[in-house]
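A.B. asks: To start, I am sharing the structure in question, which I have written as structure tokens.
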Amino acid sequence: MAIVLGIETSCDETGIAVVEDGRRIVASALASQVPIHAQFGGVVPEIASRRHTQCISQLAQQTIDEAGVAVEAVAVTIGPGLMGSLMVGVGFAKGLAYAWNVPLVPVHHIEGHIFSVFLSDNPPTFPFLALVVSGGHTCLIACDEPHQYRLLGSTRDDAVGESFDKVARMLELPYPGGPSIQEAAKAGNPRAIRFPRGLEHSGELEFSYSGLKTAVLYARQRQTASIADLAASFQWAAVDVLVSKTQLAIEKTGAARLVLAGGVAANRLLRERLVAELPIPVHMPHLSLCIDNGAMIAAAGDSRFRHGLRGDFRVTPDPNLPLCNKGVRS
Ligand SMILES: Nc1ncnc2c1ncn2[C@@H]1O[C@H](COP(=O)(O)OP(=O)(O)OP(=O)(O)O)[C@@H](O)[C@H]1O
Ligand SMILES: [Mg+2]
């Protein structure tokens, strides 16, 4: 049995959690900066790192006190992400691991998102196909065995979460865009406008979201459709591409199960359509674990710890850290 403390500070959430065996959350705390950045319409890196510095000690103390168990390893996100924000988490993790004399386990942020599914009631077994959809990533990854990943395809331009955020801005909906577009779309007709699906017939597993975003901008400028119809039609098109590219990846690889992860994995339409339309089981994290959090980093760290993949105190943050040998592009 391993008790791992996970620390996540790569962007605008300070997440700390104590996890047992990579499966059970003993204690966790999350300080979201969304209200602070919302007034700027996006994350301001300088403010993000300062805020992590202000709250990380208290958040960690609260989590450790609540857990009331001895921690055997400290896992921390070392990249990708914002340099200043990563430095706060990595520096803090080094201090804790050194003081407690326990191993320091470096974790890739996207590996953390993938491992959030092991904290659900229905964890997958390896091998599986992962669809990672977030603010900075849109990719299909073959997860052959723990910590062995092959990138099958990623986005050539915007990430899908980024396109939700940009389109929300065009529609004057609040930041972050994903939840507000989902809400606005409830009252709209998803078939009101047929927006373009990027690289729809390319036969490749690459994604493109910039054309869709521009098409929404032009439709908005024409002022012929309601905000609800624009939101619903955009959401349908964005999800359509994710479903069809995942279907193609299953055909190409013969994958037996899918893991959905990342912030956009909270999207209700995406969750429902993947389950309804894919021929294989879909494993998804709890809604609360789709956004960045410390528990997913602890879960990935637990597996790395058990596989002997520990770091040392020379580890440094890498804002562009690749997950696969080929490298995960945005
Ligand atoms: N219900 C939803 N529907 C669609 N998108 C959503 C939903 N909830 C959140 N999102 C999107 O998820 C993104 C945030 O996800 P996450 O926190 O994983 O991103 P990140 O950590 O900034 O990026 P990355 O994980 O790639 O480094 C935002 O773009 C947000 O709009
Ligand atoms: Mg993330």
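The values are calculated or read from the model by the stated rules, or taken from the named source; none is laboratory data. Because the structure is predicted, anything quoted here is derived from the model rather than measured. Ideal geometry is used to build each Cβ from the backbone, glycine not excepted, and the neighbour counts take in all protein chains shown.
A.B. asks: Kindly indicate whether any position in the range 29-37 is in a strand (DSSP E or B) and at pLDDT below 95.
C.D. replies: Looking through the range 29-37, at least one residue is in a strand (DSSP E or B) and at pLDDT below 95.
A.B. asks: Follow-up. Given the conditions (1) over 21 Å from residue 156 (Cβ atoms); (2) touching a residue at least 60 places away in the same chain (Cβ under 8 Å); (3) buried (at least 22 other Cβ atoms within 10 Å of the Cβ); (4) within 16 Å of ligand 1 (Cβ to nearest atom), and given that residue 264 satisfies all but one, which numbered condition is not satisfied?
C.D. replies: (1)
A.B. asks: Looking only at residues in the range 101-127 that are within 26 Å of residue 91 (Cβ to Cβ) and not in a helix (DSSP H, G or I), which one is farthest from ligand 2 (Cβ to nearest atom)?
C.D. replies: Here the answer is 101.
A.B. asks: State which residue pairs qualify: first residue within 6 Å of ligand 1 (Cβ to nearest atom) and inside the range 161-190, second residue hydroxyl-bearing (Ser, Thr, Tyr) and not in a helix (DSSP H, G or I) in any location, beta carbons under 6 Å apart, and separation of 6 or more residues or different chains.
C.D. replies: So the pair list comes out as 161/134.
A.B. asks: What residue, of 203, 198, is of a type in the set (Gly, Ala, Ser), within 19 Å of residue 158 (Cβ to Cβ) and outside any helix (DSSP H, G or I)?
C.D. replies: It is 198.
A.B. asks: Still on this structure, please answer the following. How many residues are farther than 20 Å from residue 155 by Cα and in a loop (DSSP other than H, G, I, E, B) when one looks only at the range 206-237?
C.D. replies: Count: 4.
A.B. asks: Let me ask something else. Among the listed residues 259, 275, 264, identify the single one that is in the same structural domain as residue 166 (by TED's automatic domain parsing) and in contact with a His (Cβ under 6 Å, 6 or more places away or on another chain).
C.D. replies: Sole residue among the options that is in the same structural domain as residue 166 (by TED's automatic domain parsing) and in contact with a His (Cβ under 6 Å, 6 or more places away or on another chain): 259.
A.B. asks: Just give me the residues in the range 275-293 being in contact with a strand residue (DSSP E or B) (Cβ under 8 Å, 6 or more places away or on another chain) and more than 13 Å from ligand 1 (Cβ to nearest atom), in sequence order.
C.D. replies: Correct list: 275, 278, 280, 281, 282, 283.
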